[in-house]
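Please read the structure below before turning to the comments.
Only the coordinates and a few stated rules stand behind these numbers; no lab work does. Small disclaimer: the values here were computed from a predicted structure and weren't measured. Note: ideal-geometry Cβ built from the backbone for every residue, glycine included; neighbour counts use all protein chains shown.
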Amino acid sequence: MLLGVARIIGDADGKTGEFAVLVGDVWQGRGIGGKLLEKCLLIAEKQGFKTVHGIVLKENKNMLTLGKKLGFEAKRDLDAGENRLVIHFGKS
Ligand SMILES: CC(C)(COP(=O)(O)OP(=O)(O)OC[C@H]1O[C@@H](n2cnc3c(N)ncnc32)[C@H](O)[C@@H]1OP(=O)(O)O)[C@@H](O)C(=O)NCCC(=O)NCCS
């Protein structure tokens, strides 16, 4: 049984990273994904990351809503079916 998992994989430059987050179907909508990703972002910022991004299908309203809530910008500069969520640390 999977409850939830989140990760940020850092690039070689140590400044940028890509996130992924997954919460088991029956556990969704209880704040778990938000908490997991928020914790990962706090750690990444403390480690000196400047930017974290992730690719999200445009139909994935839950992730796009969650990303906006956490401070990500949504950019539509990829294939028509995808958005890139980007957060820059040190900006508010
Ligand atoms: C996207 C995902 C990680 C969200 O996890 P979650 O634990 O359900 O999200 P949370 O309960 O923390 O919700 C945080 C916010 O996201 C939004 N949200 C999440 N689920 C939602 C839903 N079913 N309907 C509407 N908004 C939703 C809300 O704004 C919510 O904030 P609120 O509860 O204060 O309104 C989860 O749906 C998931 O695992 N999806 C499949 C994998 C995936 O798409 N991962 C993202 C690509 S890496």
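Annotation: of all residues in the range 49-63 being in contact (Cβ under 8 Å) with a residue 24 or more places away in the chain and within 10 Å of the ligand (Cβ to nearest atom), the one that is nearest to residue 22 (Cα to Cα) is 63. Residue selection: residue 67 satisfies the criterion of being part of a helix (DSSP H, G or I) and small (Gly, Ala, Ser).
The set of residues in the range 7-26 that are within 8 Å of the ligand (Cβ to nearest atom) and in contact with a strand residue (DSSP E or B) (Cβ under 6 Å, 6 or more places away or on another chain) comprises 19, 20, 21, 22, 23. Consider the range 30-42 and keep the residues that are within 18 Å of residue 86 (Cβ to Cβ) and of a type in the set (A, V, I, L, M, F, W, C). The one that is surrounded by the most Cβ atoms within 10 Å (Cβ to Cβ) is 37.
So, residue 29, is that one on the phi > 0 side of the Ramachandran plot and without any contact (Cβ under 8 Å) to a residue 40 or more places away in the chain or not? Taking the combined requirement at face value, the residue satisfies it. Among residues that are more than 17 Å from residue 88 (Cα to Cα) and touching a strand residue (DSSP E or B) at 6+ places or on another chain (Cβ under 9 Å), residue 41 is not included.
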